[in-house]
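The values are calculated or read from the model by the stated rules, or taken from the named source; none is laboratory data. All values reported here derive from a predicted model rather than from experimental measurement. Positions of Cβ are backbone-derived with ideal geometry, glycine not excepted, and every protein chain shown enters the neighbour counts. Protein only, heavy atoms only, side chains kept; ligands, DNA and RNA dropped before computing areas. Shrake-Rupley method; radii C 1.70, N 1.55, O 1.52, S 1.80 Å.
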Amino acid sequence: MNFKNLLTALLFVPTIASANTCYTKSDALIKDLYKTFPVDGSNTTQDASPALLNQFFSKKLSNLIIKDEKCAEKIQGLCNIEFNILTAAQDDPDQNKYKILQSAKTLVTVRLEYDHIPKFLDFKISSNSKCLLIEDIEYVDDQLSLLKILNRKAP
């Protein structure tokens with residue numbers, strides 16, 4: 001193997017490894033989620049591949065997100081998801097920041113601010129396997145969960 005091939009192989013190792021990330025800490029899962037899908041809306045879950053969604057979300061939740069996106073494409077509009085699921089709004093939060101308020105193995109609470117009014121999201125984390133995944137997002141202020149929203153009958 002020549003130097004050019006070795007260098008090329010080494011450059012692709014981080015990309016391959018990151019696609020198969022196994023999170024063992026819930027706060028690391030949420031930090032990487034917001035790193036991948038920033039709150040400024042520059043990259044959203046609606047545009048993500050199934051493989052990328054499965055890196056962060058349970059199979060059930062990933063499948064429901066994908067199903068909703070296919071519905072939206074089919075009707076050329078919105079189905080059940082009418083907002084950014086990671087910000088609980090259509091607008092970007094103030095200062096494009098989020099803050100983790102508490103982190104336990106099965107729950108991470110995140111705070112976002114809109115016009116200096118806080119909005120809270122509870123990420124329910126599955127601990128059924130060795131890798132942690134998000135199994136639901138509860139929108140505390142609206143008393144709704146993403147699973148409930150996605151399980152509604154689509155238009």
At a 1.4 Å probe, what is the % contribution of carbon and sulfur to the accessible area of segment 100-140? 49
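In Å², and per residue, what accessible area does segment 17-130 have when probed at 1.4 Å with the other protein chains present? Please report the intermediate quantities before stating the final value.
Details: 6420 Å² over 114 residues.
Accessible surface, normalised per residue, equals 56 Å².
Can you give the convex hull volume per residue for the Cα atoms of segment 97-151, as a whole number of Å³? Mind dumping the intermediate values first?
Working: hull volume 5.0 nm³, N = 55.
Dividing the Cα hull volume of segment 97-151 by its residues yields 90 Å³.
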Where the convex hull is taken over the Cα atoms of segment 28-88, what is its projected area averaged over directions, in nm²? 4.1
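Please arrange Cys79, Cys71 by accessible surface area, largest first, computed with a 1.4 Å probe and ligands excluded. Before the final figure, lay out the partial values.
On the way: Cys79 5, Cys71 25 Å².
Greatest to least solvent exposure: Cys71, Cys79.
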Using only the heavy atoms of the protein chains and a 1.4 Å probe, how would Val110, Val140 rank by accessible area, largest first? Val140, Val110
How many times 2.2 N^0.38 Å is the alpha carbon radius of gyration of segment 52-129? 1.26
How high is the relative contact order of the chain, in percent, with contacts defined as C-alpha pairs under 8 Å that are six or more residues apart? 23
With a cut-off of at most 10 other beta carbons within 10 Å, and DSSP calling the residue loop, which chymotrypsin sites (Phe, Trp or Tyr not before Pro) in segment 18-102 qualify? Please list them. none
Enclosed volume per residue, in Å³, of the convex hull spanned by Cα atoms of the chain: 143
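What number comes out for the charge environment of Gln55, summing +1 per Lys or Arg and -1 per Asp or Glu over other residues with Cβ under 13 Å away?
Numbers: positive: Lys35, Lys59; negative: Asp32.
Overall, the nearby charge balance is +1.
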